[in-house]
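Below is one structure, written out as structure tokens; comments come after it.
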Amino acid sequence: MSEPVRELTDLYRQIVLDHSRHPRHQGRPEHFNREAEGHNPLCGDKVRIYLQLQGNLLQEVAFEASGCAICLASASLMTETVHRRPLLEARASVEQFDRALSTGAGATLTGDLAALGGVSQYPSRIRCATLPWKTLLAAMDASSATVTTEQESTQR
Amino acid sequence: MSPGTTAPPLDVASIRADFPVLAQQINGHPLAYLDNAASSQRPLQVLEAIQNYYTHDHANVHRGVHSLSHRATDRYEAARETVRAFINAASVREIIFTRGTTEAINLVAFSLGQRLQAGDEILITAMEHHSNIVPWQLLCERSGAILRVAPINDAGELVLPEFMALLGQRTKLVAITHVSNALGTVNPVKVIIAAARSRGVPVLLDGAQAIPHQAVDVRDLDCDFYAFSGHKMCGPTGIGVLYGREAVLRDLPPFQSGGDMILTVSFKGTTYNELPYRFEAGTPHIAGAIGLAAAMDYLTRLGLPAIAAWEAGLLSYATGLLLQLPGLSIVGTAGDKASLVSFNIAGIHPHDLGTILDQRGVAIRAGHHCAMPVMERFGLAGTARASFAFYNTRGEIDQLLDALRLAQRMFA
């Protein structure tokens, strides 16, 4: 049995710890015109995303979350990434992030998001990182349904 | 759990040699397996019993005229006798093999549930595992019965006066856990059973967390049903037991139906088999039953009082050590507790603790432990839970503490 050598510091990089301790854009904003809630039934993580959409621009992005450090840091880093970006660009970021983590290609992430790349080596933690992004997508799609990380299976 | 007074101590070093799975490195560290409340490990004796059965004796049971089928039937029924003796049931007719605790509870919910009418009540507690909540919720939906939930206090103990107050004229069943999987609380089940039975109310005990850690005597308890799983007591997965008092089982309609549970089948009508076969439809998990019996023999050889004493020592050692950590709070501080510690550390989510501990070879559970109402009661998203078995050592608890200190340094 050979397991990949993983270091905790790959998962909990300084930027991740910093964002989990001091999340950016956290809290319900005064103005928003879209919101969505995401839930990971396996570990109980909950995320709520608020958007102020102006035309095709994500004028404001904010979140509330109760979850682990990975979930909080991912939500915080996500808001930094998509804040004041065009809708189309934000969608592309979500897709890129999700693909990078779910295919074990965390190393392809760039910028501050690269700090979350190590998550792709921890299969049980990928959902923690992708939950805020899936929820952002739902908010952009103005889908009113609650997002869960377990869409394929029925909740137990 | 109160240890026996005359238990000879366990030779844990030689016990561990029976569990090869424990002797491995995880992420470069020796494995400290502290997730026994989720599932225990199996000794070689259990693996060999299963291997032996499939190597030499396998055929279908209860129907063949050939020698192998007789042998398989004999071994399967011998396993039932081992279970009977292990829990001191009066008769093998009271031992029903199931897939596990969950199926055992579902059996009672289905079969006993057919008698329930709108307005009848089922009484459970706020510390139940989902498997002792959801079957009753579904039964209530089907029958119009009402689910009553007795509260727990801040220590995670059942509030007995409130429980007694809820035990009323309309109560048709009490279903309560013997030991809480999320909190470790050992319930005063004998008091509860005596009170319920004096009112003619049958009692089901969820014994999944109790049976690996203490001697269970269903006749001494005087319960009507006792449900438990093999995989938490060193037996295989996919096998469990429902003990049912014969006088109660006799009047219950069947649960699942098909082969083996019938006497005669005709399109004019079908008659059902005698106990316990009436409740075992289809080819059973023969190897599972044989493996479970081997696990029971193993535990009996070690001695359940000795197991309880060793685990009580581990619990008090772990509790003392963990409380030294700043910011650590233990969830579940009942006076009578099984060998598990549910806890939180300020500023560190249980899920992060789980990952960091795993990187140091320490396996624990993080989350809601399939007891979301318990988490809700304490206003928590989840806890980290270390649960001990007789093969665990103080050294492994030291390893847990070191890993928790590392987590605190990382998140400082």
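B:GLY258 - would you say it is in a loop (DSSP other than H, G, I, E, B) and either over 20 Å from B:PRO43 (Cα atoms) or over 16 Å from the mean Cα position of the chain (by Cα) (or both)? Taking the combined requirement at face value, the residue satisfies it. Being over 18 Å from A:GLU64 (Cβ atoms), in a loop (DSSP other than H, G, I, E, B) and out of contact with any Ser or Thr (no Cβ under 8 Å at 6 or more places or on another chain) is a description that does not apply to A:ALA115.
For the range B:98-145, a residue qualifies if it is among the polar types (S, T, N, Q) and touching a helix residue (DSSP H, G or I) at 6+ places or on another chain (Cβ under 8 Å), and the qualifying residues are B:THR98, B:THR101, B:THR102, B:ASN106, B:SER111, B:GLN117, B:THR125, B:SER131, B:ASN132, B:SER143. Among residues of the range A:119-134 that are within 14 Å of chain B (Cβ to nearest Cβ) and part of a helix (DSSP H, G or I), those with a beta-carbon under 6 Å from a residue that is of a type in the set (Lys, Arg) and buried (at least 21 other Cβ atoms within 10 Å of the Cβ) at least six positions away or on a different chain give the pairs A:VAL119/A:ARG125. Cβ separations smaller than 8 Å between residues 6+ apart or across chains give the following pairs from the range B:110-130 residues that are within 25 Å of B:PRO151 (Cα to Cα) to residues that are in a helix (DSSP H, G or I) and among the small types (Gly, Ala, Ser): B:GLY113/B:SER143; B:LEU116/B:SER143; B:GLN117/B:SER143; B:ALA118/B:SER143; B:ASP120/B:SER143. In the range B:224-239, the condition of being charged (D, E, K, R) and either surrounded by fewer than 23 Cβ atoms within 10 Å (Cβ to Cβ) or closer than 26 Å to B:ASP74 by Cβ (or both) is met by no residue. Based on this model, can you work out whether B:ALA386 counts as closer than 29 Å to B:LEU302 by Cα, of a type in the set (A, V, I, L, M, F, W, C) and buried (at least 22 other Cβ atoms within 10 Å of the Cβ)? Considered against the rule, which asks whether it is closer than 29 Å to B:LEU302 by Cα, of a type in the set (A, V, I, L, M, F, W, C) and buried (at least 22 other Cβ atoms within 10 Å of the Cβ), B:ALA386 comes out as yes. Considering (1) touching a Ser or Thr at 6+ places or on another chain (Cβ under 8 Å); (2) surrounded by fewer than 16 Cβ atoms within 10 Å (Cβ to Cβ); (3) of a type in the set (D, E, K, R), the lone condition that B:GLU81 does not fulfil carries the number (1). Of B:ALA118, B:ALA109, B:ALA104, B:ALA79, all but one fail to be part of a loop (DSSP other than H, G, I, E, B), assigned by TED's automatic domain parsing to the domain that holds B:ARG142 and closer than 29 Å to B:THR177 by Cβ; the exception is B:ALA118.
Criterion first (part of a helix (DSSP H, G or I), under 24 Å from A:ARG6 (Cα atoms) and in contact with a Phe, Trp or Tyr (Cβ under 7 Å, 6 or more places away or on another chain)) does A:ALA107 satisfy it? The answer is no for A:ALA107.
Set side by side, the residues B:LEU166, B:LEU221, B:LEU183, B:LEU204 differ, and just one is touching a residue at least 60 places away in the same chain (Cβ under 8 Å), among the aliphatic types (A, V, I, L, M) and farther than 30 Å from B:TYR33 by Cα, which is B:LEU204.
Going by the structure shown, is B:ARG301 surrounded by 18 or more Cβ atoms within 10 Å (Cβ to Cβ) and either within 14 Å of another protein chain (Cβ to nearest Cβ) or free of Cβ contacts under 8 Å to residues at least 40 places away in the same chain (or both)? No; evaluated as a whole, the condition is false for this residue. In the range B:382-412, of all residues being part of a strand (DSSP E or B) and not hydroxyl-bearing (Ser, Thr, Tyr), the one that is farthest from B:ILE211 (Cα to Cα) corresponds to B:ALA384. Out of the residues in the range B:389-412 meeting the condition of being within 13 Å of chain A (Cβ to nearest Cβ) and surrounded by fewer than 24 Cβ atoms within 10 Å (Cβ to Cβ), tell me which one is farthest from the chain's Cα centre (by Cα). Among those residues, the one meeting the criterion is B:ALA412. None of A:ALA73, A:ALA90 is of a type outside the set (D, E, K, R), within 14 Å of another protein chain (Cβ to nearest Cβ), in contact with a Leu (Cβ under 8 Å, 6 or more places away or on another chain) and not in a strand (DSSP E or B) except A:ALA73.
Filtered by the rule that a residue be within 14 Å of chain A (Cβ to nearest Cβ), part of a helix (DSSP H, G or I) and among the hydrophobic types (A, V, I, L, M, F, W, C), the range B:20-76 gives a lone residue, B:VAL21.
Among the residues of the range B:178-186, none qualifies, meaning not one is part of a loop (DSSP other than H, G, I, E, B), out of contact with any helix residue (DSSP H, G or I) (no Cβ under 7 Å at 6 or more places or on another chain) and surrounded by fewer than 24 Cβ atoms within 10 Å (Cβ to Cβ).
Whenever a residue of the range B:353-374 is within 9 Å of chain A (Cβ to nearest Cβ), its partners that are of a type in the set (Asp, Glu) and assigned to a helix (DSSP H, G or I), lying with C-beta atoms within less than 8 angstrom and at least six residues away or across chains, give the pairs B:ARG360/B:ASP402. Just to be sure, is B:SER229 among the polar types (S, T, N, Q) and without any contact (Cβ under 8 Å) to a residue 60 or more places away in the chain? So B:SER229 fails the test. Just name the residue that is farthest from B:TYR54 (Cα to Cα) out of those in the range B:259-292 that are of a type in the set (A, V, I, L, M) and in contact (Cβ under 8 Å) with a residue 12 or more places away in the chain. Result: B:LEU275. Restricting attention to the range A:1-57 and to residues that are within 12 Å of chain B (Cβ to nearest Cβ), assigned to a loop (DSSP other than H, G, I, E, B) and hydrophobic (A, V, I, L, M, F, W, C), the residue that is farthest from the chain's Cα centre (by Cα) turns out to be A:MET1.
The values are calculated or read from the model by the stated rules, or taken from the named source; none is laboratory data. Everything numeric in this text was worked out from a predicted model, so none of it was measured. Cβ atoms come from the backbone with ideal geometry, glycine included; neighbour counts cover every protein chain shown.
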